[in-house]
1. Could you run through the range 62-85 and say how many residues are surrounded by 14 or more Cβ atoms within 10 Å (Cβ to Cβ) and free of Cβ contacts under 8 Å to residues at least 24 places away in the same chain?
2. Within the range 100-120, count every residue that is in a loop (DSSP other than H, G, I, E, B) and closer than 19 Å to residue 77 by Cα.
3. Determine whether the range 129-145 contains at least one residue that is assigned to a strand (DSSP E or B), closer than 20 Å to residue 53 by Cβ and in contact (Cβ under 8 Å) with a residue 40 or more places away in the chain.
4. Out of curiosity, is residue 90 without any contact (Cβ under 8 Å) to a residue 60 or more places away in the chain and surrounded by 12 or more Cβ atoms within 10 Å (Cβ to Cβ)?
5. For the range 104-146, which positions are more than 17 Å from the chain's Cα centre (by Cα), surrounded by 10 or more Cβ atoms within 10 Å (Cβ to Cβ) and more than 19 Å from residue 59 (Cβ to Cβ)?
6. Scan the range 1-50 for residues that are modelled with pLDDT of 80 or more and closer than 30 Å to residue 66 by Cβ and report the count.
7. Among (1) out of contact with any strand residue (DSSP E or B) (no Cβ under 7 Å at 6 or more places or on another chain); (2) assigned by TED's automatic domain parsing to the domain that holds residue 128; (3) assigned to a loop (DSSP other than H, G, I, E, B), which single condition is residue 85 missing?
């Protein structure tokens, strides 16, 4: 009895697999996510240049955008190269803005000597600024009083 059930399941599975292959072949050419045939070579997307200089913030408490490239920066569990310039102990000699004191508070509000773990990954709030078109339409207007 068990052998008949296994044979029936195997026959059904092979029938479904063959019919799936036939259906996949009859749907037409495979398209890429960009809508072109897979074999078609498409031009590389335009590279957007890093903007230099600081951007004006649009509202209070907006995280500032990063006015320099971060391509070669290492930020992981052990290393944060942003702190080489922006930590309170080095910012003065490097001429870089110091991190806000909120970055040195733990989740209970206790003042720390090092950056809090909740603020360790800078690029979760701060992004590099580039001269690129918006990915999504936006009607945001900056607040009148900052």
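The values are calculated or read from the model by the stated rules, or taken from the named source; none is laboratory data. Small disclaimer: the values here were computed from a predicted structure and weren't measured. Glycine also receives a Cβ, built like all others from the backbone with ideal geometry; neighbour counts cover every protein chain displayed.
1. Residues in the range 62-85 being surrounded by 14 or more Cβ atoms within 10 Å (Cβ to Cβ) and free of Cβ contacts under 8 Å to residues at least 24 places away in the same chain: 4 in total.
2. 8
3. Kept after step one, since they are assigned to a strand (DSSP E or B), are these residues of the range 129-145: 130.
The next check asks that each one be closer than 20 Å to residue 53 by Cβ; those that pass are 130.
Right, trim to in contact (Cβ under 8 Å) with a residue 40 or more places away in the chain and you get 130.
Within the range 129-145, one or more residues are assigned to a strand (DSSP E or B), closer than 20 Å to residue 53 by Cβ and in contact (Cβ under 8 Å) with a residue 40 or more places away in the chain.
4. Values: without any contact (Cβ under 8 Å) to a residue 60 or more places away in the chain: yes; surrounded by 12 or more Cβ atoms within 10 Å (Cβ to Cβ): yes.
Yes, satisfied.
5. 104, 105, 106, 112, 114, 115, 116, 117, 118
6. Adding up the residues that qualify gives 1.
7. Unmet condition: (3).
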